[in-house]
Amino acid sequence: MTKKNFLKTLTGSRMAIRQDVAERLASSDFGEPSFLPGNEVNHENNYTMRNDGIAVIHIDGVLSYRSDLMTAYFGEDTYNSIEKAFRKFLDDPGCKGIVLDVNSPGGEVDGCADLSDLIFRSRGKKPYGIVARTGGTMCSAAYWISSACEKVYTSTQGTVGSIGVLCTFENRENAATVIVSDLSPEKAPNPATPEGRDQITRELNDLALVFVDSVARNRGVSREDVLARFGRGGVFVGEKAHEAGLTDGVMDFEEMVQQMKQEEGNMSQQQNAPSAIDEEAVKQAAITEERARVSGIGKAFKGLGMDSECETFVNEGKSVAEATEFCLEKAKEKLSAMQKEASESSLTPAQREAIQKGLEAEASAQNSVHGGILQGADVARERLMNAFRNGARNFNAIRGSK
């Protein structure tokens with residue numbers, strides 16, 4: 001079986017991988033696999049142990065979840081094979097530092113979070129640190145893993161990012177008919193239908209948030225930072241990846257090694273800081289986040305005259321996004337009511353025009369929302385809320401002068 005045919009077996013799987021990738025070289029053991037006690041396949045990624053005590057674990061190609069006879073025989077990298085090599089050097093007192101040398105477009109979602117969490121928990125256990133670097137590609141699942149290291153570096157042409165999840169389906173003629181039990185109507189969503197696509201998209205969105213939150217934790221930023229600044233599924237090259245915050249610098253391999261040696265002990269000191277300091281930092285971060293949430297909800301409700309609803313959203317822990325969507329619907333309802341009242345009242349043409357301007361602004365805002373661009377939607381929401389506030393102000397002023 002060729003690697004290309006092997007990849008076809010993954011069709012339909014949920015993948016954290018660049019869409020344009022067809023085939024890459026792998027770097028784990030290749031050839032007739034051996035077995036461990038219990039018939040577990042002895043599958044381990046290739047590595048280089050340097051004279052300076054730094055272990056370099058090579059990670060290449062499309063990544064899959066679990067090692068088996070096929071992945072071991074064809075030398076395909078898996079999260080199992082990477083973990084095996086990583087644990088070898090994590091437990092080796094003679095190893096002073098670990099480098100993940102990455103050239104991978106990503107791979108399966110399943111199993112990726114566990115490996116990322118293991119690497120993150122291992123921070124501070126090596127005097128030279130645990131570092132990831134790419135001289136080629138570090139995308140999607142490969143970046144998910146790499147971001148868990150203490151530092152991430154790229155070469156000048158390294159491609160980094162592609163934070164997101166996708167799922168592909170093949171259209172096959174004469175495919176078998178699938179009949180689903182009435183008790184489980186959502187067990188086999190059909191991507192050819194709007195309902196099926198919506199269900200699949202919701203699942204992918206949930207998986208993508210796990211990915212995003214893991215990267216946010218690993219890089220010490222918020223979910224909002226990752227969504228806004230880390231490419232929205234796109235990639236960065238070299239210095240631009242550093243500027244966006246995905247990496248800690250642009251360095252060649254030996255320069256990075258020297259940097260690791262110079263910073264010996266820094267990571268250990270940071271990881272072993274007194275827990276009281278960490279707890280205080282977490283507390284302050286939570287306070288800041290809560291203040292921002294309450295302020296955002298208050299801003300969304302401003303001018304709507306719905307103080308009790310605003311208080312409910314705050315007390316029930318609703319998000320700013322939920323409050324904004326709720327307020328948008330209420331604003332639309334009130335604007336429509338204004339339009340109806342204006343049409344039924346004896347207003348002058350000038351007065352009708354003043355109210356109509358608010359309604360035209362609403363239509364413009366809705367068109368922008370349907371454009372599907374996040375930044376445009378944010379602007380559109382603000383336009384719509386301003387349209388309501390201005391329209392209400394004009395309408396009430398006119399009505400009061402009658």
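The values are calculated or read from the model by the stated rules, or taken from the named source; none is laboratory data. Bear in mind the structure is a predicted one, so any value in this text is a computation, not a measurement. All Cβ positions, even for glycine, are placed from backbone atoms using ideal geometry, and neighbour counts span all protein chains on display.
Overview of values
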{"item": "Counted residues, the stretch 94-109 - those being more than 17 Å from Glu44 (Cβ to Cβ) and outside any strand (DSSP E or B)", "result": "3"}
{"item": "Per-region count, the stretch 114-131, residues closer than 12 Å to Glu83 by Cα and touching a Ser or Thr at 6+ places or on another chain (Cβ under 9 Å)", "result": "3"}
{"item": "Residue identified as modelled with pLDDT under 80, of a type in the set (Lys, Arg) and either within 28 Å of the chain's Cα centre (by Cα) or surrounded by fewer than 11 Cβ atoms within 10 Å (Cβ to Cβ) (or both) among Lys283, Lys332, Lys318", "result": "Lys283"}
{"item": "Test: Thr154 is polar (S, T, N, Q) and closer than 20 Å to Pro105 by Cα", "result": "yes"}
{"item": "Filtered residues of the stretch 303-321 (kept if within 23 Å of Glu224 (Cα to Cα) and touching a residue at least 12 places away in the same chain (Cβ under 8 Å))", "result": "Cys310, Phe313, Val314, Lys318, Ser319, Val320"}
{"item": "Output for the stretch 165-208, where each listed residue is in contact with a helix residue (DSSP H, G or I) (Cβ under 8 Å, 6 or more places away or on another chain) and either of a type in the set (Phe, Trp, Tyr) or at pLDDT 80 or above (or both)", "result": "none"}
{"item": "Positions within the stretch 247-268 being over 29 Å from the mean Cα position of the chain (by Cα) and either among the charged types (D, E, K, R) or modelled with pLDDT under 50 (or both), in sequence order", "result": "Glu254, Glu255, Lys261, Glu263, Glu264"}
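Let's see how each residue does on (1) within 14 Å of the chain's Cα centre (by Cα); (2) of a type in the set (Gly, Ala, Ser):
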{"position": "Ser116", "(1), (2)": "yes, yes"}
{"position": "Met138", "(1), (2)": "no, no"}
{"position": "Ala141", "(1), (2)": "yes, yes"}
{"position": "Ser147", "(1), (2)": "yes, yes"}
{"position": "Thr154", "(1), (2)": "no, no"}
{"position": "Ile163", "(1), (2)": "yes, no"}
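Conditions (1) surrounded by fewer than 24 Cβ atoms within 10 Å (Cβ to Cβ); (2) modelled with pLDDT under 90, marked per residue:
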{"position": "Gly53", "(1), (2)": "yes, no"}
{"position": "Tyr65", "(1), (2)": "yes, yes"}
{"position": "Ala72", "(1), (2)": "no, yes"}
{"position": "Glu76", "(1), (2)": "no, yes"}
{"position": "Gly124", "(1), (2)": "yes, no"}
{"position": "Gly129", "(1), (2)": "no, no"}
{"position": "Thr134", "(1), (2)": "no, no"}
{"position": "Thr156", "(1), (2)": "yes, no"}
